[in-house]
Amino acid sequence: MAPVLIYATSVLSLSILDEAALSYLGQGVQPPMASLGNMLGGAESLTILTSRPWIWLPPGIMIIILVVAINFVGDALRDALDPSRTENPGN
C-alpha cells in the first residue's frame, strides 16, 4: 500500500502542473471556470507582466506551493512507510 500512496502524491503534483499548463494554453478548463492556468493566461502581454504583477504572481506562487507541498507529503510518506529503512543513531 505504501508505494501506491507515494506514487499517488507524485501523480497528483504532476496532474496539477499538467492542468495549469493546458489551461494556460487554452486547452484545459475553459474560462468561466476558475483555474490557476487560466489566471496565468490573463497575463499574456509584456505590459501586464511588467506593470501588473498581481495578476500573474499569486497563481504562479500558488502552483509552486501546491506542488512542493504535495512532494513533501510524498517524501514524508516514503520515509514513514519504508519498512526496509532502519534508523541507526550511531551513523
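The values are calculated or read from the model by the stated rules, or taken from the named source; none is laboratory data. Keep in mind that what you see is a predicted model, and the values were worked out from it rather than measured. Heads up, the Cβs are rebuilt from the backbone with ideal geometry, glycines too, and the neighbour counts pull from every protein chain shown.
Overview of results
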{"quantity": "Every residue from segment 18-31 that is without any contact (Cβ under 8 Å) to a residue 12 or more places away in the chain and surrounded by 12 or more Cβ atoms within 10 Å (Cβ to Cβ)", "calculated": "D18, G28, V29"}
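Residue by residue, here is whether (1) assigned to a helix (DSSP H, G or I); (2) loosely packed, with under 14 Cβ neighbours inside 10 Å; (3) at pLDDT below 80 holds:
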{"site": "V11", "(1), (2), (3)": "yes, yes, no"}
{"site": "I16", "(1), (2), (3)": "yes, no, no"}
{"site": "M33", "(1), (2), (3)": "no, yes, no"}
{"site": "A43", "(1), (2), (3)": "no, no, yes"}
{"site": "I65", "(1), (2), (3)": "yes, yes, no"}
